[in-house]
Amino acid sequence: MSEPWAKPPDALHRRGTTSLETPLESLDSYLTPADRFFVCNVTNTQVVDPASYQLELTGDALVNPVTLSLDDLVALPSHTVRAYLECAGNQRTLFGTLQDQHVERTEGGEDVPWVLGGVSMAEWSGPRLRDVLALAGLRDTARWIAPLGLDFDNPECPIEIPMPVEKALHEDTILALTMNGAPLPPDHGFPVRAIVPGWIGTYSVKWVGRITASSREIRNYRTDEYYVIDGVTVTRQNVKSSLALPFPATMGPGVKRIHGYARSPDQPIRNVEWSADGKTWHEADIISPNEPYGWVRFVFAWKAEPGEHRLMTRATDEAGETQPETCVFNPGTLLFNAIIPHPVTVA
Ligand SMILES: Nc1nc2c(c(=O)[nH]1)N[C@H]1C(S)=C(S)[C@@H](COP(=O)(O)O)O[C@H]1N2
Ligand SMILES: [Mo]
């Protein structure tokens, strides 16, 4: 049987039946190389022929619904965004391991049992979604824009994620054609994927085949049932940080340089603090670019002494948004962003 991904999965952790998690400890850079970038597939990676690829623009909010080729998209001005992508369910198993709460729906494969690495960071380039929509003449009445993926394997539940027109027309919402300067790999949406910076990964629809522009609100299973906390559709990510160490970690004694990644959906990071006792906090060094939609790589020196430890980090962004001590439980186990007491055994 063929695998649900195109890349060799060896450098990543298999999660659920169709997803791959990035071992953050295997990274040493700001941008994540494509072969290490996590994969969140509802079904299977699609293999799309660029020569016959078509993007259908449809809906009552368009003056001239049109079908575009890849060349039509390449011909538009290209915009580059450096943005991390994170699955809304990243870190969901921590509701169980750290807060003793019941994480449902992971066994049947519906919810991916992510630990820390359902997140990665890349540089994306391609036309702005607003420039693409303009080719079909977007009416002032437009309210909702819904990209649809070509992975129709599951026709009952297409990957169609409607977003309000304001986000679709934002200057940093693009249809990416490249990732880290190379054509998108199949696993990451070749030849065209949406990049919706700051929002949960699901909005960044891969293998986009159709975009509907509607004057009415578009709602579906994903907006009304799946990506919901307390009756509200989840859109924006939240502030998080985690160590780039296996969970739990084991190491020998001595002074160690401990790395990690911290991120805010749409702000630079103001600081990352770390603590080994939960009471005294020290500042970690940020050793990467610190950009609105990017994550940052941080490092601190820790004297590892034999025994069991809990290393914690807390990120705060430029707007003052920070991480809570515990994360309020939600049945979908989305957006876990509490300070993580990362178990470390020194022996
Ligand atoms: N067409 C399509 N787009 C999709 C998905 C999918 O299964 N099909 N998964 C979404 C989810 S849930 C996430 S978290 C991101 C993950 O992007 P990546 O696989 O490139 O890391 O893609 C999103 N876009
Ligand atoms: Mo996801």
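The values are calculated or read from the model by the stated rules, or taken from the named source; none is laboratory data. Remember, predicted model here, so these are calculated numbers, not experimental data. Heads up, the Cβs are rebuilt from the backbone with ideal geometry, glycines too, and the neighbour counts pull from every protein chain shown. These accessible areas exclude ligands, DNA and RNA; they are computed on the full protein's heavy atoms, side chains included. Shrake-Rupley method; radii C 1.70, N 1.55, O 1.52, S 1.80 Å.
Within the stretch 221-234, can you find the residues that are open to solvent by 40 Å² or more (accessible area, probe 1.4 Å) and not aromatic (Phe, Trp, Tyr)? Quick ask: steps written out before the conclusion?
Going residue by residue through the stretch 221-234, those that are open to solvent by 40 Å² or more (accessible area, probe 1.4 Å) are 221, 224-225, 229-232.
Those that are open to solvent by 40 Å² or more (accessible area, probe 1.4 Å) and not aromatic (Phe, Trp, Tyr): 224, 225, 229, 230, 231, 232.
Condition test on residue 35, is it loosely packed, with under 15 Cβ neighbours inside 10 Å, outside any loop (DSSP other than H, G, I, E, B) and either in contact with a strand residue (DSSP E or B) (Cβ under 7 Å, 6 or more places away or on another chain) or not aliphatic (A, V, I, L, M) (or both)? It would help to see each step written out before you state the result.
Details: loosely packed, with under 15 Cβ neighbours inside 10 Å: yes; outside any loop (DSSP other than H, G, I, E, B): yes; either in contact with a strand residue (DSSP E or B) (Cβ under 7 Å, 6 or more places away or on another chain) or not aliphatic (A, V, I, L, M) (or both): yes.
Considered against the rule, which asks whether it is loosely packed, with under 15 Cβ neighbours inside 10 Å, outside any loop (DSSP other than H, G, I, E, B) and either in contact with a strand residue (DSSP E or B) (Cβ under 7 Å, 6 or more places away or on another chain) or not aliphatic (A, V, I, L, M) (or both), residue 35 comes out as yes.
Tally the residues that are of a type outside the set (Ser, Thr, Tyr), under 16 Å from the mean Cα position of the chain (by Cα) and within 16 Å of residue 296 (Cα to Cα), restricting the search to the stretch 16-36.
Within the stretch 16-36, residues that are of a type outside the set (Ser, Thr, Tyr), under 16 Å from the mean Cα position of the chain (by Cα) and within 16 Å of residue 296 (Cα to Cα) number 3.
Under 6 Å between Cβ atoms, which residue pairs at least 6 apart in sequence (or on different chains) link something in the stretch 72-93 that is more than 10 Å from ligand 1 (Cβ to nearest atom) with a partner that is of a type in the set (S, T, N, Q)?
That search, which allows pairs on different chains as well, returns 78/125; 80/125; 92/333.
Determine which member of the set 257, 270, 314 is crowded, with 20+ Cβ neighbours inside 10 Å and not assigned by TED's automatic domain parsing to the domain that holds residue 198. Explain how you work it out, then say what you get.
On the way: 257 fails: crowded, with 20+ Cβ neighbours inside 10 Å; 270 fails: crowded, with 20+ Cβ neighbours inside 10 Å.
Result: 314 is the single residue among 257, 270, 314 that is crowded, with 20+ Cβ neighbours inside 10 Å and not assigned by TED's automatic domain parsing to the domain that holds residue 198.
Just checking, how many residues over the stretch 155-186 are open to solvent by less than 50 Å² (accessible area, probe 1.4 Å) and not aliphatic (A, V, I, L, M)? Full working, then the answer.
Let us first name the residues in the stretch 155-186 that are open to solvent by less than 50 Å² (accessible area, probe 1.4 Å), namely 157-165, 167-168, 172-179, 182, 184-185.
Now restrict to residues that are not aliphatic (A, V, I, L, M): 157-158, 160, 162, 164, 167, 172-173, 178, 185.
Total meeting the criteria: 10.
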